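Structure first, then comments.
The values are calculated or read from the model by the stated rules, or taken from the named source; none is laboratory data. Being a predicted model, the structure only gives us computed values, none of them experimental. We place every Cβ from the backbone using ideal geometry, glycine too, and count neighbours over all the protein chains shown.
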Amino acid sequence: MSNNSIFASEIRSILEKPIWQIFIYVWLFYLAGLFLYSHFVWSIDVYSLNYTGDDLKERFERYQQINLVLYILSVFYLLFFSSVLWLLFKGGLLFYKVEIDSKLLFKIAIIAQVILFFPYWVKAVWFILIEGSYTMDEIKTFYPFSIINFFDIDEMPKMVIKALAKIDLFRLFFVLFSAYCIKISSKLSFFKAVIMIVLTYGLATFLLELVKLQFVL
């Protein structure tokens, strides 16, 4: 059996699991990465290097309270974004006149997001285990595997930096992985699946970032 067949078999076995089980696994992966990044990378020691006020402890406690709210809302974020992806993929498949079971397509939308959550893990591993000592500015300007690293960002508006930073290998792999899952779950070719995701998810992301930029430029 070829490596491609083994990989396809593994993906199919995952997609056969109940939606609630897949959702919980992906949510826990996202929550763990978010916790590592916001709790250990953004530590009070990092804040103390850049903050000169007298209320550092109170300010950091407010930051932790905000993070607690984000942890609670993370399950709703995953559900909302999965639904948006499902709608985008569904619309693209309707254009090609290709049908995939709605539950199966929703599972694909959930699983593919694991790739989009990897940056939290990469940042946490980099700063905690590799970098060791770092500043707040170094965290803010760290964009792993992003096209923004090829630009001089000193004079760029923050929203432009954030928009360009989203063009990275993680989103490329997200597109390829989503297309592969759709390909093995339908009659749609891998190439057409890639084009479909670029024209749905990619275009929606581009338009969203364009709208954001209108408020700062």
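All of Phe60, Phe89 fail the test of being within 16 Å of Ile197 (Cβ to Cβ) and either loosely packed, with under 14 Cβ neighbours inside 10 Å or not basic (Lys, Arg) (or both), apart from Phe89. The sole residue among Ile128, Ile197 that is touching a Phe, Trp or Tyr at 6+ places or on another chain (Cβ under 8 Å) and modelled with pLDDT of 95 or more is Ile197.
For region 121-148, give me the residue count where each residue is of a type outside the set (A, V, I, L, M) and closer than 22 Å to Leu208 by Cβ. Give the derivation first.
In the first step, residues of region 121-148 are kept if they are of a type outside the set (A, V, I, L, M); the result is 121, 123, 126-127, 131-135, 137-138, 140-146.
Next, from what is left, pick out any that are closer than 22 Å to Leu208 by Cβ: 140, 143-146.
Number of matching residues: 5.
Taking the criterion of being among the charged types (D, E, K, R), over 28 Å from Ile24 (Cβ atoms) and assigned to a helix (DSSP H, G or I), would at least one residue in region 183-204 satisfy it? Quick ask: steps written out before the conclusion?
Of the residues in region 183-204, the ones among the charged types (D, E, K, R) are 183, 187, 192.
In the following step, the residues that additionally are over 28 Å from Ile24 (Cβ atoms) were identified as 187, 192.
With the extra rule that they be assigned to a helix (DSSP H, G or I), the set shrinks to 192.
Yes, there is a match, as at least one residue in region 183-204 is among the charged types (D, E, K, R), over 28 Å from Ile24 (Cβ atoms) and assigned to a helix (DSSP H, G or I).
Val75 satisfies every condition listed in (1) part of a helix (DSSP H, G or I); (2) more than 28 Å from Leu208 (Cβ to Cβ) except (2). In contact with a Gly (Cβ under 8 Å, 6 or more places away or on another chain) and either assigned to a helix (DSSP H, G or I) or of a type in the set (D, E, K, R) (or both): does that describe Met159? It is false that Met159 is in contact with a Gly (Cβ under 8 Å, 6 or more places away or on another chain) and either assigned to a helix (DSSP H, G or I) or of a type in the set (D, E, K, R) (or both).
Across region 126-150, the number of residues qualifying as without any contact (Cβ under 8 Å) to a residue 60 or more places away in the chain, assigned to a loop (DSSP other than H, G, I, E, B) and surrounded by 14 or more Cβ atoms within 10 Å (Cβ to Cβ) comes to 5.
Listed conditions (1) surrounded by 11 or more Cβ atoms within 10 Å (Cβ to Cβ); (2) more than 15 Å from the chain's Cα centre (by Cα) are all met by Ser5, apart from (1). Residue pairs whose Cβ atoms lie under 6 Å apart, sitting 6 or more positions apart in sequence or on different chains, and linking a residue in region 161-182 that is farther than 26 Å from Asp101 by Cα and at pLDDT 90 or above to a partner that is among the aromatic types (Phe, Trp, Tyr) and surrounded by fewer than 17 Cβ atoms within 10 Å (Cβ to Cβ), are Asp168/Phe145; Leu169/Phe145.
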